[in-house]
């Protein structure tokens, strides 16, 4: 009998993964591992931005703090759980793509999620940090209005644009003197 859970792609353990892991804080590397496990468990072909969002919310208190309220986070997590047990079925075996310039990614990442990971690392550099944190990734994930994470946020009643503005305002507060809660 064939397993319903796809095998971890070989490229996920290769040089791309090692290079990416070196650019992430320990906490964010744990978030990425959680998103990878969630995608595999859910039977999804690739890690997408909704998997990243779910893992960020579960494990990063700085990420949860930028939302309007505890009930908003609870509603969002409830929606993400529903997605993983049923709603997400319409997304299985499809590739998350915002329609921007086509991107070739290593196996295991949707093009949008791979772009968000790169953007998170670039945001860290702009903060004069060599490693991206959860808030860097959250900002990158919500910056693409066509991402699955933004769709999930909208369905849960969260304004992605307002969320991005709060994240960026927080980074501005810490500019030059800190790590923006990372």
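The values are calculated or read from the model by the stated rules, or taken from the named source; none is laboratory data. This is a predicted model, so every value here is computed, not measured. In this analysis, Cβ positions are derived from the backbone assuming ideal geometry, glycine residues included, and neighbour counts consider all displayed protein chains.
For this structure, a couple of remarks:
- Residue pairs meeting the criteria (Cβ under 7 Å; at least 6 apart or on separate chains; first surrounded by fewer than 17 Cβ atoms within 10 Å (Cβ to Cβ), in the range 55-77; second assigned to a helix (DSSP H, G or I) and modelled with pLDDT under 90): none
- For the range 106-126, a residue qualifies if it is surrounded by 18 or more Cβ atoms within 10 Å (Cβ to Cβ) and not in a helix (DSSP H, G or I), and the qualifying residues are 108, 109, 110.
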